[in-house]
1. Criterion first (open to solvent by 80 Å² or more (accessible area, probe 1.4 Å), out of contact with any His (no Cβ under 9 Å at 6 or more places or on another chain), modelled with pLDDT of 95 or more and closer than 17 Å to Phe183 by Cα) does Lys45 satisfy it?
2. Which one of these is over 18 Å from Asn160 (Cβ atoms) and out of contact with any helix residue (DSSP H, G or I) (no Cβ under 6 Å at 6 or more places or on another chain): Lys55, Lys47, Lys61?
3. Considering segment 154-171 alone, what residues qualify as being within 14 Å of Ile140 (Cα to Cα) and of a type in the set (Phe, Trp, Tyr)?
4. If we scan segment 90-111, do we find a residue that is of a type in the set (A, V, I, L, M, F, W, C) and closer than 19 Å to Gly176 by Cβ?
5. For segment 114-130, enumerate the residues that are open to solvent by less than 60 Å² (accessible area, probe 1.4 Å) and under 24 Å from Lys144 (Cα atoms).
6. Is it the case that Tyr88 is aromatic (Phe, Trp, Tyr) and without any contact (Cβ under 8 Å) to a residue 40 or more places away in the chain?
7. Is at least one residue of segment 152-166 under 17 Å from the mean Cα position of the chain (by Cα), open to solvent by 70 Å² or more (accessible area, probe 1.4 Å) and under 25 Å from Glu60 (Cβ atoms)?
Amino acid sequence: MNLKRGIILLIILLLQSEPLFSKTTLASETKRYYPLDIGYTWIYKGKFLGQAVEKKITIEKKEGAYFIDNTGAMLMHDENGLKDKKRYLIKNPIKKGNKWMSIISAQSTEHYEIIQTGIKAKYKNEIIKDCIKVRSTNRIDSTKDMVVEWIYAPDIGLLNFSTYILKNKKEWEPQGYFDLEDFIKPDNNQKTGR
């Protein structure tokens, strides 16, 4: 009888530890779509409200679990996804229809959804497969929403960032966009060459 109890106890312990393995797997899901390491650099070009914009983002240091870039933004991965100090930017599992929200303040709640997975996106002269598209919606007033869409590529990160004003749930008014021009990895400080 003691052997039987011992086997049952062992099975219970193994079943209880299974989620730990799942969390590790889930954390690596978002890491695939937004790699973080000191020295990683993304260079973007685009337009916002009709003005040309160029932005260079470099991860400069790590404090605790957060990686901090040259703009002061702080990002980290945990078992739930990729997050900054206020919100999850990508949340596990990486599958179409996954939804979450972030309450930024009493007046601001962002609603997120992974709207596409397995899509193709262009980076330089190459088509990158297995990208994902995330959409955020934030109510401005009773007739308008601010909509932001991000396209993330495996092993590269953010390829495209687009913003819109959605009027009356049907009229999309573009506000701006950024496209990735270059991505530099820290290990050899070389451009990806893609």
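The values are calculated or read from the model by the stated rules, or taken from the named source; none is laboratory data. All of these numbers come straight from a predicted model, not from anything done at the bench. Please note: Cβ atoms are built from the backbone with ideal geometry, for glycine as well, and neighbour counts cover all protein chains shown. Side chains included, ligands, DNA and RNA excluded: accessible areas come from the protein's heavy atoms. Shrake-Rupley method; radii C 1.70, N 1.55, O 1.52, S 1.80 Å.
1. On the way: open to solvent by 80 Å² or more (accessible area, probe 1.4 Å): yes; out of contact with any His (no Cβ under 9 Å at 6 or more places or on another chain): yes; modelled with pLDDT of 95 or more: yes; closer than 17 Å to Phe183 by Cα: yes.
Yes; evaluated as a whole, the condition is true for this residue.
2. Numbers: Lys55 fails: over 18 Å from Asn160 (Cβ atoms); Lys47 fails: over 18 Å from Asn160 (Cβ atoms).
Step by step, each of Lys55, Lys47, Lys61 is checked, and only Lys61 is over 18 Å from Asn160 (Cβ atoms) and out of contact with any helix residue (DSSP H, G or I) (no Cβ under 6 Å at 6 or more places or on another chain).
3. Step one: list which residues in segment 154-171 are within 14 Å of Ile140 (Cα to Cα), which gives 163-169.
Matches in segment 154-171: Tyr164 only.
4. Within segment 90-111, the first condition is being of a type in the set (A, V, I, L, M, F, W, C), and the residues that meet it are 90, 94, 100-101, 103-104, 106.
Keeping just the survivors that are closer than 19 Å to Gly176 by Cβ gives none.
Looking through segment 90-111, none of the residues is of a type in the set (A, V, I, L, M, F, W, C) and closer than 19 Å to Gly176 by Cβ.
5. Ile114, Ile115
6. On the way: aromatic (Phe, Trp, Tyr): yes; without any contact (Cβ under 8 Å) to a residue 40 or more places away in the chain: yes.
It is true that Tyr88 is aromatic (Phe, Trp, Tyr) and without any contact (Cβ under 8 Å) to a residue 40 or more places away in the chain.
7. Filtering segment 152-166 down to residues under 17 Å from the mean Cα position of the chain (by Cα) leaves 152-163.
Adding the requirement that they be open to solvent by 70 Å² or more (accessible area, probe 1.4 Å) leaves 155.
Right, trim to under 25 Å from Glu60 (Cβ atoms) and you get 155.
Looking through segment 152-166, at least one residue is under 17 Å from the mean Cα position of the chain (by Cα), open to solvent by 70 Å² or more (accessible area, probe 1.4 Å) and under 25 Å from Glu60 (Cβ atoms).
A quick yes/no check of all residues on (1) within 18 Å of the chain's Cα centre (by Cα); (2) of a type in the set (Val, Ile, Thr); (3) at pLDDT 95 or above:
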position	(1), (2), (3)
Ile140	no, yes, no
Asn168	no, no, no
Gly176	no, no, yes
Pro186	no, no, no
